[in-house]
Structure formats: C-alpha cells, structure tokens
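The structure appears right after this line, and notes come after that.
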Amino acid sequence: MHDHDTIAAPATATGNGGISIVRMSGDSSESILKRVFRPSGHCEYISNMLYYGHAVYEDEVLDECMAVIMRAPRSYTREDVCELHLHGGEQTVSSVMEALCKCGARPAEPGEFTKRAFLNGRIDLSRAEAVMSLISAQSKASARAALHQLDGKTGTFIKSVQNDILNLLSSIEAAIDYPDEIDEVETLDSVISECKRLINMILSSCDERSAKALESGLDVVICGCPNAGKSSLLNYLLEDDRAIVTAIPGTTRDIVKDYTVIGGIKVNLSDTAGIHETSDPVEMIGVDRAKKAAEKANLVLLLIDSTNADAPDNISLKEMVSGVPHIIVYSKTDLLENENRVYDDGIGISVKTGAGINTLKEKILSFAGHFDEVAITSVRHTQLALKASDELENAIQTAARAGSLDLCAIDLHCALDTISEITGDRVDEKLLDTIFSKFCVGK
C-alpha cells in the first residue's frame, strides 16, 4: 500500500439505491473534489459541512449530489477525507469513480480506509477489526460484541494487561541492577504471584467457545434414527418447510443445512439422514455423512422417538454421542399419555404442540458460552490471549525451577509481544494485510 496516495472507493453497497456515497482519503482529496464537484453558488468549504451541487467532469454533469470535506485530523482516517453523496446507481458511481481517478485518486484496496485509521493512530487493531465484525454481524449478539470491541472494551483490557507485564519487567530490571538493595527471592515470589493473578484475569476475560459462536455461529447437528422427527424439528426451528417431512423412514438422505437466530446467537442447523443399518448404497452414504457431521459439530441434538425410547438403536446412538457435546431430545411427546414427562437424561419436546421447545432453545444457548461476560470476543484475540497466558505460566515455572530473573524476563517479553498483537502494538505488515484483506472495499 502507498500510504500517502489519495484513495477513492464507493462506501455503500453496489446496486441501485436511494443514495450512493463515494469516499476519498489523502492529501489530494480536497483538491480532487474541487475539480469534480461544482457547488451551487459560492462557498468557502467549511470542514464537516454538506454542500449541494453537481458532480461534473470536463463540463459533463454526472449527477446532482451533495459533498462534504472532513479535514484532518477530524476524519475517519485522520487524513483529509471527502465524500460525494450521489443518487444510487452503479453507472453514476462508476462515472464519478472514473472522474476521481483521472484527477489523481486511485481505487482503494479492501479495508484501506480502516487500515489508515489504524496506522494513523485513530484506532487500535482490535477496534479496526470490530468495524468489519459489525458489518458482517448476522445476529444481535455478534453486533453487540462488535460494538463493545469498537468502543474500546477489548483494547482497554489489553492495555491493562500490558501495563501490568511492563511493571513486572521494570521490577525485574531494578532487582538485576540493584542486587544489594532489592532481594532477588522476594522479586521472584512477586513475579509468581502477579503472573498467577494475570493468568486468572486473562482466562476469565475470554471464552474460546463463545468467540467461535459469535464469529461464525454455533454448529448444531440434528441426528437420530429414521423417523425420529429430525426434519420436523429443523423446520420448526427455522419456521420454514426447509426439509421434506413424510411418514416414510429415510426421507432425508443428505445433509440439509440452514441457519436461524436463537437468543441473539446465529445457530447453523444441519438435518442428517437417519442413522441405522442399511444395505441401500445411497442411504449408507447419508448415514456415513451424518456420523461425520456429528463428530465435527459444536453441539449434537440426538432425537429419540419418545414412543419407542428403549429401542436398541437409540441406546447405541447415546453411546455414539457420549464423547461430544450433545443434548438428548425426546420427540413426539404429544403422543404420550403424559406429554409433560420429565426425562433424567434429556428434554421432551413436541413440534406439534410446541411443548419443550423453549427449554430446548435455552439449553442450546448454554453451549454458546458466556459472551456477555467477557472482554475478549474475537477468535483471533482469544487465541492470542490464551497463548499469552501460557507464556505467563512459563514465567512462573521458570521462576520456580531456575530462580533466574533474566529467564523470567524472557518469558514475560514473549507474553507481552503476544498480547500486543491484539491491539497491533506489535504486529507485522503481513498480518495487517491478511486482516484488512477481509474488509470490504470502501471501509
């Protein structure tokens, strides 16, 4: 990236709409705007004020529009930023973009505006990533977590950890420089105690399971014997006839996927073929896929027909899911004499009457983690925080085993470098390019 170039890109989605915004950022953005925008009457271009006029290039009127200049540093990128608010339409946007580029701008790369905001110190890397998380959020919980991150909740927590590690390093350096005045054993004990506190603080502030659920949704696989009501449950949760439901066993032969939102969390549902012994080659493929899907799922809903709960196949299926996160769901309870029967090992439901469905939804949500209680909600950030925690544990082991302040300092520096990758205080260009390449153009 050429950070001093003036970049331009549509800031709104492609396609027809009421308004399309084209944005520029860079030293030449104001001079380029003045070449392309013709205001209605004389104006002094006060920063952060909208002006009415026309987009023009070589005396050809491209559109009737509004324009705004946001002079540095009071802008998204802390550079001079200009915007043209056009009538929505791909041809109009294309014509204006062409005019801006002919006047000296270049098309922006994905995420380049936000990358400049980061490089210019307006936001840290965690807040930059929150911008894209907010744009791509598919549930209320994901949007809420992204907003907390954008507001600096993650960055504030990380800064606190960084300062605590730096204080530890300062105390070690002082003990090394003044051995006659500062006791080495006391310093090592302090390092061990403080590292334990930091580890507990980090572990209580991140939840890898909830981070994955927020970022990509909770992967839930519905499995069971043929005709257990798997497709009926899928349709009920989706509030749509997504899967074919018949009284004939083996209707579903391949995995049917869709998603819904439960309690603000995106839940990716997979309806699978009934698991049973079969000689049908197509059914065999479906059964094999069902078993593999269950092995990879975040959560398995094992459906058991409550009218035939003690069947040998159901007992085998319980053993199959025993090693993975699962909920045993007894279906068709409306066919029992006691529809409200309580099960020791599962939940009874009826998609016909809706009985037990809310309880099932609450149980599903419990497997998504505690996203409202943690400061770190990104998968990347969580992985780095846990790695830093391991490096702090190394410092504890080094202090206890070797009793060396120098070696402890090495482990603490590793933890500091790792935790600093979250906010971008220590990050290489390759990682930045990877992160910002996932952004949409114009953001």
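Every number here is computed from the coordinates shown, using simple stated rules; none is lab data. Note that the structure is a prediction, hence the values are computed from the model and not measured. FYI the Cβ positions are ideal-geometry reconstructions off the backbone, even for glycines, and counts take in every protein chain you see.
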Listed residues ARG78, ARG127, ARG426; largest mean-square fluctuation, Gaussian network over the chain with Cα springs below 10 Å, found at ARG426
What order do you get for ASP428, ASP164 when you list them from fewest to most C-beta neighbours inside 10 Å? ASP428, ASP164
Hey, what do the phi angles of the stretch 262-268 turn into as Karplus ³J(HN,Hα) couplings, whole Hz, using 6.51/-1.76/1.60 and θ = phi - 60°, x for Gly and Pro? 10, x, x, 10, 6, 10, 8
If R0 = 22 Å, then GLU319 and ILE255, at their Cβ-Cβ distance, give a FRET efficiency to the nearest 0.05 of 0.50
Which net charge results for the neighbourhood of LEU134, defined as the other residues with beta-carbon distances under 14 angstrom from its beta-carbon, given Lys and Arg at +1 and Asp and Glu at -1? +3
Going Cα to Cα from LYS318, which lysines come in below 28 Å? Please leave out same-chain ones fewer than 8 positions away. LYS212, LYS230, LYS257, LYS266, LYS291, LYS292, LYS296, LYS332, LYS352, LYS361, LYS363
Mind putting a number on the dipole of the stretch 7-124 about its Cα centre? Charges go on the C-beta only, +1 for Lys and Arg and -1 for Asp and Glu, and I need it in Debye to the nearest 20. 400 debye
Length gained when the stretch ASN358-ASP241 is fully extended (0.36 nm per residue, less Cα-Cα span): 40.2 nm
With the cut-off at 31 Å, report for the chain the share of all Cα pairs above it, as a whole percent. 60 percent
From the square roots a ≥ b ≥ c of the eigenvalues of the alpha-carbon gyration tensor of the stretch 109-227, which class results: rounded (a/c under 1.5), prolate (a/b over b/c), or oblate? oblate
Roughly how many debye, to the nearest 20, is the charge dipole of the stretch 164-245 about its Cα centre, given +1 on each Lys and Arg Cβ, -1 on each Asp and Glu Cβ, and no other charges? 1080 debye
Mean Kyte-Doolittle of at least -0.5 plus a Cα span of 24 Å or more along the axis: flag which DSSP H helices in the chain meet both, please. 153-177, 184-203, 379-401, 405-423
If amide H atoms are modeled at 1.01 Å from N in the peptide plane, then the residues at a separation of 5 or more from LEU62, or on another chain, having amide H under 5 Å from its own are ALA55, VAL56, TYR57
So for the stretch 67-203, averaging the separation of alpha carbon pairs under 8 Å that are six or more residues apart and normalising by length, what relative contact order in percent results? 13 percent
Contour excess over end-to-end distance, with Cα ends at ASP345 and LYS430 and 0.36 nm allotted per residue: 25.6 nm
Express the relative contact order of the stretch 218-366 as a whole percentage, based on alpha carbon pairs under 8 Å and six or more residues apart in sequence. 23 percent
Are there GluC sites (Glu not before Pro) in the stretch 303-388 that DSSP puts in a loop and that have at most 11 other Cβ atoms within 10 Å, and which ones? GLU337
Long-range amide H partners of ILE275, meaning residues 5 or more apart or on another chain whose placed amide H is closer than 5 Å, are GLY224, CYS225
For the chain, set up a GNM with springs between Cα atoms under 10 Å and report which of ASP183, ASP425, ASP27 has the largest fluctuation. ASP183
For the chain, set up a GNM with springs between Cα atoms under 10 Å and report which of PHE157, PHE371, PHE118 has the largest fluctuation. PHE157
Starting from the Cα of LYS159, move 7 Å in the Cα-to-Cβ direction to define the label point; list residues of the stretch 399-443 whose amide nitrogen is under 16 Å from there. 420-426
Below 8 Å, C-alpha to C-alpha, sequence gap of six or more: please give me the relative contact order for the chain in percent. 17 percent
Cα centroid of the stretch 161-214 to Cα centroid of the stretch 340-397, whole Å: 29 Å
Please give the contour-minus-distance gain from ILE135 to GLU295: 0.36 nm per residue of separation, less the Cα-Cα distance, rounded to one decimal in nm. 54.5 nm
Student exercise, the chain dipole from Lys, Arg, Asp, Glu Cβ charges, in Debye to nearest 20: 1360 debye
Say the dipole of the stretch 1-146 comes from +1 at the beta carbon of Lys and Arg and -1 at that of Asp and Glu; which of ALA146, LEU84, ILE32 then lies farthest toward its positive end? ALA146
